[in-house]
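These notes concern the structure reproduced below.
Read the figures in this text as sums done on the coordinates, not as results from a lab. Since the model is a prediction, treat every value here as computed from it, not as a measurement. Because the Cβ atoms are built from the backbone with ideal geometry, glycine has one as well, and the counts that use them run over all protein chains shown.
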Amino acid sequence: MKKYRIGYTCGVFDLFHVGHLNLLERCKEMCDYLIVGVCDDTYVREIKHKEPVIPENDRVRILKALRVVDDAVLVDIATTDDKMLALDKFKFQVLFSGDDWKGTERYNRTEEQFAKCGAAIEYLPYTHGVSTSQIKEEMKNQK
């Protein structure tokens, strides 16, 4: 049996690449049911200050097609930024997040909030050497 029943992670997942797949496979190894929040186009534009290459509904569809993803849902800025909203909405036992967030003020506060609800956070490493920003830059340089 896996460590958690329901897990949740969230991201943009634009220009899907092996780093995304590695993350999702690690998440699924630790839970029976994996929900993936896909940040909407408004989040990408207003918070990340980037233009998404793949439209939000297509990104959701791509993720839903993966064997390691049990459900993929579009999430707005509020649900992306406030993990308590995500917890209330998706009823997960664990939030999977990148290890670069560990120890930040935001995630220390989230850990305290989650502890009161019996939820956990598992920090997972990123795949080095690949990123959506890197892919975009390489494509730009090839033009």
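Points to keep in mind about this one:
- Over the residues of the chain, the helix contribution to mean residue ellipticity at 222 nm works out to -12500 deg cm²/dmol, using -39500 (n - 2.57) for each DSSP H run of at least 4.
- Taking every full run of DSSP H in the chain, none both stretches at least 27 Å from end to end by Cα along its long axis and averages 1.6 or higher on the Kyte-Doolittle scale.
- Listed residue (Ala72, Ser97, Met30) projecting farthest to the positive dipole end of segment 4-142, Cβ model: Met30
- Sequence-distant aspartates and glutamates (8 or more away, or on other chains) whose Cα lies within less than 12 Å of Lys102: Glu111, Glu122
- Proximal charge balance of Val38 [Cβ under 11 Å; K/R count +1, D/E count -1]: -4
- Working from label points 7 Å from Cα in the Cα-to-Cβ sense, the Asp82 to Lys102 distance is 2.8 nm.
- Prolate/oblate/rounded call for segment 29-104, Cα gyration tensor, a/c under 1.5 rounded: oblate
- Cα-centre dipole for the chain with unit charges at Cβ (Lys and Arg positive, Asp and Glu negative), debye to 20: 280
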